[in-house]
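Take a look at the structure set out below.
The values are calculated or read from the model by the stated rules, or taken from the named source; none is laboratory data. Being a predicted model, the structure only gives us computed values, none of them experimental. Quick reminder, even Gly has a Cβ in these numbers, built from the backbone with ideal geometry, and neighbours come from all protein chains shown.
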Amino acid sequence: MCAKLSFSGQGLSEPLAQLLLRELEDLAVSAARAAGRFIVQERPRGLGVTDTKSSINDIVTVMDQQSEELLRAHLLSARPDDAILGEEGGASRGTSGITWVIDPIDGTVNYLYEFPAYCVSVAAVIGDAGTPGQWQPVAGAICNPLTNEIFHARRSGGAHVRQGDQDTAIGVNPVEVLLHSLVATGFGYRPEVRARQGEVVAAILPEIRDIRRAGSAALDLCAVACGTVDAYYESGLNPWDLAAGWVIAMEAGAVVSGLNNTGPGEAAVVAAGPGIHRSLLSRLEALAPLR
Ligand code: LIP
């Protein structure tokens, strides 16, 4: 899926492309940081559920909506010709060929419960972000406002975590055996989907070290990138859940794919070090009818 990255469409030479990628990465970092601060510092007392989406448990809070407004204003004030695809506000058009795919709070249920695993995810992508398999991330940042960590990457630039003004390169674990692997996963909001995902976890559990369910796809992909887990897989995600984490994990050395030679997307995301990706993938492909 990860075709050679070319900005020829934008008539950019390689050096200019690298300059553009760095600008997009820096803007993703500043936007994610601003929204991360906002959702912690401006959280109202007695925060409640404002609305629900795909099911009664797929909730929205006023902070999801306000964080997205903040992100849109921040990104478009710097780059007014870009398009945006956001979890709460949907798609807005642009002319630059760059689309920002944004999740104003990834891990919204955790945020509501003040369970300490939520973040802001901001990615710059090329291609058609609204069509599965027709887009790819070129730069991204994920801000965990509780740990003050900002995971970030750009294509061919490696992956890093920033704390304060300290930037540290990150990389996946060199694990070779699935049975020795700590694997993260997640579950959708619809009961019938959760039932099937539960069957897949039950089948895989005896074949891995252990499972982790943090509740944020973006943080799970960062965990693969920095080695706090060895692998992550999930089905049923939206582009905004996975876009920034995809480029961060990939630039940290992970193989990030879908099933059956497809790219990462709603059908499935499988991210792991090269030593175990194939063995995890073939198990999930064999279990796919369960999904
Ligand atoms: C969440 C994902 C998580 C998944 C949840 C939900 P949200 O995104 O990050 O991995 O298991 O079902 O999709 O709704 O908090 O933005």
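Thr168 meets the conditions (1) over 20 Å from Arg22 (Cα atoms); (2) out of contact with any Leu (no Cβ under 9 Å at 6 or more places or on another chain); (3) hydroxyl-bearing (Ser, Thr, Tyr); (4) modelled with pLDDT of 95 or more in every case but one. The failed one is (1).
Is it the case that Ala203 is closer than 24 Å to Arg22 by Cα, modelled with pLDDT of 95 or more and among the aliphatic types (A, V, I, L, M)? No: the conditions fail for Ala203.
The set of residues from the range 50-84 being surrounded by 17 or more Cβ atoms within 10 Å (Cβ to Cβ) and within 22 Å of Val193 (Cβ to Cβ) comprises Ile59, Val60, Asp64. The set of residues in the range 74-128 being within 16 Å of the ligand (Cβ to nearest atom) and assigned to a loop (DSSP other than H, G, I, E, B) consists of Glu87, Glu88, Gly89, Gly107, Glu114, Phe115, Pro116, Ala117, Tyr118. Against the condition more than 16 Å from Ala123 (Cβ to Cβ), more than 13 Å from the ligand (Cβ to nearest atom), touching a residue at least 12 places away in the same chain (Cβ under 8 Å) and assigned to a helix (DSSP H, G or I), how does Leu47 come out, does it pass? Judged against the criteria, Leu47 is not a match. Do we have any residue at all in the range 56-79 that's in contact with a Lys or Arg (Cβ under 7 Å, 6 or more places away or on another chain), more than 21 Å from Ala223 (Cβ to Cβ) and not hydrophobic (A, V, I, L, M, F, W, C)? For the range 56-79, residues in contact with a Lys or Arg (Cβ under 7 Å, 6 or more places away or on another chain), more than 21 Å from Ala223 (Cβ to Cβ) and not hydrophobic (A, V, I, L, M, F, W, C): absent. Listed by position, the strands (runs of 3 or more DSSP E) contained in the range 171-265 that have at least 2 residues being within 14 Å of the ligand (Cβ to nearest atom) are 182-185, 210-212, 231-234.
Kindly indicate whether Tyr189 is surrounded by fewer than 22 Cβ atoms within 10 Å (Cβ to Cβ), touching a residue at least 12 places away in the same chain (Cβ under 8 Å) and of a type in the set (Phe, Trp, Tyr). It is true that Tyr189 is surrounded by fewer than 22 Cβ atoms within 10 Å (Cβ to Cβ), touching a residue at least 12 places away in the same chain (Cβ under 8 Å) and of a type in the set (Phe, Trp, Tyr). Residues in the range 142-159 that are within 16 Å of the ligand (Cβ to nearest atom) and in contact with an Asp or Glu (Cβ under 9 Å, 6 or more places away or on another chain): 2 in all.
Hey, can you tell me all the residues within the range 152-167 that are touching a helix residue (DSSP H, G or I) at 6+ places or on another chain (Cβ under 8 Å) and either among the small types (Gly, Ala, Ser) or part of a strand (DSSP E or B) (or both)?
First, the residues of the range 152-167 that are touching a helix residue (DSSP H, G or I) at 6+ places or on another chain (Cβ under 8 Å): 152-159, 161-162.
The answer is His152, Ala153, Arg154, Ser156, Gly157, Gly158, Ala159, Val161, Arg162.
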